[in-house]
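The values are calculated or read from the model by the stated rules, or taken from the named source; none is laboratory data. Here the structure is a predicted model, which means the values were calculated and not measured. In this analysis, Cβ positions are derived from the backbone assuming ideal geometry, glycine residues included, and neighbour counts consider all displayed protein chains.
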């Protein structure tokens, strides 16, 4: 497969509609366009009907694999049980693992997948770009064009919030990855700690951020922390700042591996801002093991630091250690200066929790049907109740009482409006993000690299990927 062509501006324009995701009635996207279909499944298809629009073979077994991370797997078991009830002659089995790529990718490569639907998430996720390039994942188009579970007059496509679909298109007429929730990244904090202990408000400028950290240090509390075992988490807080300081073209250059993208003055200024936190010892370090992210979160919920870089899964992942009245809240990107290209409130908020169906799965149609059920109102409300995640189904949680973290995430999205940014390089070149950038951020946050050295190293890593003929590139059109 040659270069994957993506009209970036078209994607960004439409994903900006994510700012409207809390408003019912937003039109669906066409990025995962009609037409296509996997055509590569090995299972014998059943007969299509009003109750079975995808033609699922009703006695075919179904294997579901879920990433055992922040969302756990109960939300998915609800759908698997729903599938079993709908197709009682089937045997629907669900398994969970933290090692998605290790356990599943070799079998996919050999053309004999052991799963029919996979939650491709976590640190050991499979490179979706490679899977698409190698035609190893099925096309969701048939499912998206099918009647939605709750209303046969509305397609699945039209029932979803628009931001859920562009990331799965990869410049093709198909759709090879779908997410089930909206993830809001940013600076997570305790409202009680900030407002009562520190007698402060959330900082809207970086100068205010430094002042809050100074006040925290005077009380024996660190301003920030991050998981030493996964230092790339720091980019969860920095990414929107890149766009805010320099404009969308700055992050677009990163996605397309352009020369000197990471050396842009706006990027360097963001690194310099966090370099100040490191130099002033406002950052609580450690948490270096594979479970460092949960250890960091526990230190945070116990009041040892004010801010942590994280995504909206944290409310569920840290619920066992979060005290009553903590007031878990996500804060958007503080402004660096009055000359910033985008305003305070710019948000990094992409679709989250990706799912795929292997192209050569034993039961492709069953995998597609499982996803159709996942987008039902019943399953979406259950997803929210089990995880606190914002479901992909439009209006699914309207009128429900929201926990503080989810409530703040909804409000942050609404406040951001069109100022939503999404790092596509994280999906397109996951090894670059998970490995190269992870190492650079680790050294930077420990003070072993200056801001200039860090951006130089990030650029070197990007250039290496750009120059590697064995890596399929996503090209701008």
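Brief remarks follow.
- Filter result for residue 409 (at pLDDT 90 or above, within 17 Å of the chain's Cα centre (by Cα) and not assigned by TED's automatic domain parsing to the domain that holds residue 140): yes
- If you check 450, 376 for being in contact (Cβ under 8 Å) with a residue 60 or more places away in the chain and in the same structural domain as residue 329 (by TED's automatic domain parsing), only one passes: 450.
- Sole exception among (1) in the same structural domain as residue 77 (by TED's automatic domain parsing); (2) free of Cβ contacts under 8 Å to residues at least 40 places away in the same chain; (3) within 18 Å of the chain's Cα centre (by Cα) for residue 435, by number: (1)
- Any hit, segment 372-385, residues being crowded, with 17+ Cβ neighbours inside 10 Å, closer than 16 Å to residue 316 by Cα and modelled with pLDDT under 95: yes
- Matching residues, segment 268-296, being closer than 20 Å to residue 453 by Cα and part of a helix (DSSP H, G or I): 268, 269, 270, 271, 272, 273, 274, 275, 276, 277, 278, 279
- Scanning segment 85-96 for residues that are within 24 Å of residue 384 (Cβ to Cβ), touching a residue at least 12 places away in the same chain (Cβ under 8 Å) and surrounded by fewer than 20 Cβ atoms within 10 Å (Cβ to Cβ) turns up 86, 95, 96.
- Near pairs, Cβ below 8 angstrom, 6+ apart or cross-chain, from segment 303-332 (free of Cβ contacts under 8 Å to residues at least 60 places away in the same chain) to any residue that is part of a loop (DSSP other than H, G, I, E, B) and surrounded by fewer than 24 Cβ atoms within 10 Å (Cβ to Cβ): 321/302
- Within the set 306, 250, the sole residue that is buried (at least 20 other Cβ atoms within 10 Å of the Cβ), in a helix (DSSP H, G or I), in contact with a helix residue (DSSP H, G or I) (Cβ under 8 Å, 6 or more places away or on another chain) and at pLDDT 95 or above turns out to be 250.
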